[in-house]
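Participant: I am attaching a structure below and will ask some questions about it afterwards.
Every read-out reported here was derived from the displayed coordinates using simple, explicitly stated rules and does not represent laboratory data. Quantities reported herein were computed from a predicted structural model and do not represent experimental measurements. All Cβ positions, glycine included, derive from the backbone under ideal geometry; neighbour counts span all protein chains shown.
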Amino acid sequence: MLKNWKEFFIPILAIFLALILAGIFIILSGKNPLTAYKALYLGSFGNIYSLSETLLKTIPLILTGLSVAFAFRGGLFNIGGEGQFLIGGFTAGFVGFTFSLPSFIHIPLALLAGFLAASLYAALAGYLKARLGVHEVINTIMLNWIALYLVTYLVNNPFKDLSGMGSPLIKESALLPALIPQSRLHIGLLIVLILTFIVWYILKYTPWGYEVKALGFSPKAAEYGKINLVKNIVLILAFSGGLAGIAGSMEYLGVLGRIPSTLWFSGYGFDGIAVALVGKNNPAGVVLSSLLFGALRTGGNIMQRDAQISKDIVGIIQALVIILVVAPEIIRTILPFLKRKSENICLINNP
């Protein structure tokens, strides 16, 4: 899946450099970076519970990362993942607390409903882009806010539970079963890995995947090649939005068990942009990138608690990783310098 070793090595080096640079901030704050990073590691991968929590946070990041990456491949910037997350999550939750069905029907139906609702919502942005020329960045940002206030109204008015905590509880038949006993990690992890393979297969081997990539390389050339731009713009954003919608669906069906009355943006939609960029818009890279960001989310809490390090340091690490990966010329400039240094050392040692 990765074109060559450099595509894999450069992000790894970027992470390493980000940790070194962030360590400087930790030292300036009067703390020990080794203690901080030990807490970060133990909080993310130190035991089964920590690992399960990291993987739990990785699930929505993979989906929102794939959402952004797929749109990027088609030359589109879907920044509306937060709104699609909410629309898909609410719809899946509605199916979950409204109907009484066997689990093997209820769970797929709820996830499918979340996917379709978010797809339709994102398709609106695609239509505005394709037919009216409204840039997708603008309309997807605006649709984020519409989704937030719409779902907030629905949860706190027509679908408000008597408890006042939000929507009614999602029925047990619609809840995602645990993957590891006595943990919050659910079977959504397996579903997400299957979806990752499907996205990769679509882009690699299907005619539509060819059209998506052609549109991303050059819309004019794609149009000259008889590719329907209007249809593909709408479909690309619809599919992209559907992936973010499944992320929201899994969050409510697998973690929260209801739609809370106090809603705000989860952050997964925006983090998905960073995940896609670090993962080079490659499905395999998105999975690895999501694991990194999931570990930072989980371990950051433990680092703050045990090592007394501000959680803002985690934000600094994330920002540095993004800068160093998105601006690979920095890394490519450093690599020849390191190579020359090693050659000089060899000449000194072996005159």
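Participant: GNM, the chain, Cα, under 10 Å: largest mean-square fluctuation among ASP312, ASP161, ASP271?
Facilitator: Taking springs between Cα atoms under 10 Å, the residue moving most is ASP312.
Participant: May I ask for the angle, rounded to the nearest 10°, between helix 48-73 and the longest principal axis of the chain, with both axes built from Cα atoms and the value confined to 0 to 90°?
Facilitator: 80 degrees
Participant: Right, next: Is the shape of the stretch 1-144 rounded, prolate or oblate, going by the alpha carbon gyration tensor and its root eigenvalues a ≥ b ≥ c, with a/c under 1.5 for rounded and a/b larger than b/c for prolate?
Facilitator: Values: a/c = 2.35, a/b = 1.47, b/c = 1.60.
Judged from the Cα gyration tensor, the stretch 1-144 comes out oblate (a/c at least 1.5, b/c at or above a/b).
Participant: Helix 268-278 sits at what angle to the longest principal axis of the chain, using alpha carbons and giving 0 to 90 degrees rounded to 10?
Facilitator: Orientation of helix 268-278: about 40 degrees from the principal axis.
Participant: Shifting gears a bit: Roughly speaking, what is the centre-to-centre gap between the stretch 118-175 and the stretch 21-72 when only Cα atoms are used, to the nearest Å?
Facilitator: About 29 Å separates the Cα centre of the stretch 118-175 from the one of the stretch 21-72.
Participant: Still on this structure, please answer the following. Net charge around LYS204, counting only other residues with Cβ within less than 12 Å of its Cβ (Lys, Arg = +1; Asp, Glu = -1)? List each step's numbers first, then the result.
Facilitator: On the way: positive: ARG73, LYS213; negative: none.
Result for the local shell: +2.
Participant: Right, here's the next one. Compute the helix-to-body angle for 312-326: its Cα long axis versus the longest principal axis of the chain, expressed 0 to 90° and rounded to tens.
Facilitator: The angle comes out near 80 degrees.
Participant: In the stretch 5-336, with Lys and Arg counted as +1 and Asp and Glu as -1 at Cβ, which of these residues, MET142, LEU116, SER289, has the Cα nearest the positive end of the dipole, that is, farthest along it?
Facilitator: Positive-most Cα among the choices belongs to SER289.
Participant: Show the residues, 5+ positions off or on another chain, whose built amide H is closer than 5 Å to the amide H of ASP161.
Facilitator: GLY166, SER167
Participant: Another question about this same structure. Extending each Cα 7 Å along its Cβ direction at PHE99 and TRP208, get the distance between those two points in nm, one decimal.
Facilitator: With each label point 7 Å from Cα toward Cβ, the separation is 2.2 nm.
Participant: Taking the Cα centre as origin and putting +1 on Lys and Arg beta-carbons and -1 on Asp and Glu beta-carbons, what dipole magnitude results for the stretch 5-336, to the nearest 20 debye? Spell out each step's value before the answer.
Facilitator: Values: 21 positive and 13 negative charges, 72 e Å.
In total the dipole reaches around 340 debye.
Participant: Simple spin-label model, 7 Å along Cα-to-Cβ: ALA178 to ASN32 in nm?
Facilitator: Result for the modelled spin labels: 3.5 nm.
Participant: Near the amide H of HIS186, under 5 Å away, which other amide H atoms are found, from residues 5 or more places off or on another chain, if H is placed in the peptide plane?
Facilitator: Under 5 Å from the amide H of HIS186 lie the amide H atoms of LEU179, each far enough along the sequence or on another chain.
Participant: So what are the ³J(HN,Hα) numbers for the stretch 300-305, from phi and the Karplus equation (6.51, -1.76, 1.60; θ = phi - 60°), rounded to whole Hz, Gly and Pro as x?
Facilitator: For the stretch 300-305, the Karplus-derived couplings read x, 5, 5, 4, 5, 6 Hz, x marking Gly and Pro.
Participant: Determine the calculated [θ] at 222 nm for the chain from helices alone, applying -39500 (n - 2.57) to every DSSP H run no shorter than 4 residues and normalising by the residue count; nearest 500 deg cm²/dmol.
Facilitator: -25500 deg cm²/dmol
Participant: Just to be sure I understand: with springs between alpha-carbon atoms less than 10 Å apart, which residue in ILE273, ILE24, ILE187 has the highest mean-square fluctuation in the Gaussian network model of the chain?
Facilitator: Taking springs between Cα atoms under 10 Å, the residue moving most is ILE24.
Participant: Further question on the same structure: Classify the stretch 5-336 as rounded, prolate or oblate from the Cα gyration tensor: take a ≥ b ≥ c as the square roots of its eigenvalues, call it rounded if a/c is under 1.5, otherwise prolate when a/b beats b/c and oblate if not. List each step's numbers first, then the result.
Facilitator: On the way: a/c = 1.79, a/b = 1.09, b/c = 1.64.
Judged from the Cα gyration tensor, the stretch 5-336 comes out oblate (a/c at least 1.5, b/c at or above a/b).
Participant: I need to check one value: relative contact order of the chain, counting alpha carbon pairs closer than 8 Å and at least 6 residues apart, in percent. Please report the intermediate quantities before stating the final value.
Facilitator: Numbers: 601 pairs, mean separation 121.4, N = 351.
It comes to 35 percent, rounded to a whole number.
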